[in-house]
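Encoded as structure tokens, the structure appears first; notes follow it.
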Ligand SMILES: [Cu+2]
């Protein structure tokens, strides 16, 4: 079982190392809803090939750091980066587009 645990840890580390590479794409979106308490943001965005999303959509993202939500408002056009993990999609960067 120890070997399995070690393998699992190794796999988790591999995912952690690989994920940022796939998250490098900046995605254009619009803030539809902000839930600071839950650390979630609803974003409408175009296709995001790096996340395997080939069509425009509106969806809820978790944010890596809830402080990120203090920098944008509902209705803002934004640029963001997100990464996929075992629990869903997490925004790692978000900023108002100029
Ligand atoms: Cu999406």
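Only the coordinates and a few stated rules stand behind these numbers; no lab work does. Small disclaimer: the values here were computed from a predicted structure and weren't measured. Glycine also receives a Cβ, built like all others from the backbone with ideal geometry; neighbour counts cover every protein chain displayed.
Annotations for the structure displayed:
- Theoretical gain in end-to-end length, residue 33 to residue 76 [0.36 nm per residue, Cα-Cα removed]: 14.5 nm
- Proxy reagent accessibility, fewest Cβ within 10 Å first, across 89, 61: 89, 61
- Pair residue 98, residue 59: separation of 7 Å Cα→Cβ label points (nm): 3.0
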